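A quick write-up on the structure given underneath.
The values are calculated or read from the model by the stated rules, or taken from the named source; none is laboratory data. Because the structure is predicted, anything quoted here is derived from the model rather than measured. Please note: Cβ atoms are built from the backbone with ideal geometry, for glycine as well, and neighbour counts cover all protein chains shown.
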Amino acid sequence: MKRDAEILVGVDGSAASMHALDWAAAEARTRRRPLHVVCSYTLPSFTAASLDGGYAALDDTAIQQGARAVLAEARQRAEGPDLEITTTVATGDAAAVLVEMSRDASLAVVGTRGKGGFADRLLGTVSSTLPAHAHCPTVVVPLRDQRRGGVVPNDESAPVVRPVRRMVVGVDGSPQADLALRYAIEEAQAWGAELTAVAGVPVGSGSGVMAWLPATIDQTQVLADVTEGLNVVVDRALAQYPGATVRRHVLDGTGAELLTEFSAATDLLVVGSRGRGGFTGLLLGSTSQAVLHHSACPVMVVTNGCLERAEAAGAGNGTAAAG
């Protein structure tokens, strides 16, 4: 794919989506890439007795005007001399529209309220569906007040986007995590950020936690083995990025627990997801789901779709084939 592919962001006029827009604009400026802002809507219908049980479609003129107003506000908010912006009004399910557009993007960005309550348990349709199905990495940006560590009330404007200075990437030996590590290295280089690779080893978890984890002997030996495996994975990735450095930590705990804890003092988390369940790619894996639900900072998710795209593009050329 082209190295100057656009940064894609979906907006709907909400504070959460505008905060995601701010993050996407900062990313686009840092990576020197164009920003593509999309507002999608579906046309509702209602039953009409006069049509003998048929359906009457609503005129979409007002809805389309509203979508264009949202995009006009978004453009005004993000515009600057150093950023190329394009906008699109699309009809259809927002998640489906963004998934299709992600084929031509280097990164997709979406916001979420991140309340943590039942209503937001799945982060909303778009912010849960897009990361699982996108053809490029997806960043989910929670609307949280970093000063208080809590959710921004409805009557407050979105918090200011912090530059990415500290990053953490989860590594577990899977191909998705290896690709996530490469994305993380490129992202850290672009921002001049400090990157830490973290592997978690839950006590008594058995041998299936890590791809390289041997049969359990004792906790000390397991930690030593995983540390060696982590070093091999990181050193292999760094060979493709001269001058880059990555800190490494192997800690006691699950990946989801550790990454969520790190999110309070981190500007960006990066996690690979293999998906789970009988329908491949339908759902994110348990680790990435848990991190998305509870993270206090933006989360970049790299899934099977990203891996397939990278392989198709010839990722063996020394880059993550996404930039």
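Among all residues of region 266-284, there is at least one that is at pLDDT below 90, closer than 20 Å to Asn304 by Cα and of a type in the set (Val, Ile, Thr). Looking across Ala190, Ala184, one residue alone is in contact with a Ser or Thr (Cβ under 8 Å, 6 or more places away or on another chain), at pLDDT 75 or above and assigned to a helix (DSSP H, G or I). It is Ala190.
Looking at region 300-318 only, could you name the residues that are outside any helix (DSSP H, G or I) and either among the aliphatic types (A, V, I, L, M) or at pLDDT 80 or above (or both)? Passing the criteria: Met300, Val301, Val302, Thr303, Ala313. Scanning region 238-276 for residues that are without any contact (Cβ under 8 Å) to a residue 60 or more places away in the chain, in a loop (DSSP other than H, G, I, E, B) and hydrophobic (A, V, I, L, M, F, W, C) yields Ala239, Ala244.
Restricting the search to strands (runs of 3 or more DSSP E) fully inside region 31-147 and requiring at least 1 residues that are closer than 23 Å to Trp191 by Cβ, within 14 Å of the chain's Cα centre (by Cα) and modelled with pLDDT under 95 gives 105-112, 138-142. Within region 7-39, the residues that satisfy the criterion of being touching a Ser or Thr at 6+ places or on another chain (Cβ under 7 Å), within 14 Å of Thr87 (Cα to Cα) and crowded, with 18+ Cβ neighbours inside 10 Å are Ile7, Leu8, Gly10, Val11, His36, Val37, Val38. Every condition in (1) surrounded by 15 or more Cβ atoms within 10 Å (Cβ to Cβ); (2) at pLDDT 70 or above; (3) of a type in the set (Gly, Ala, Ser) is met by Ala158 except one, and the failing one is (2).
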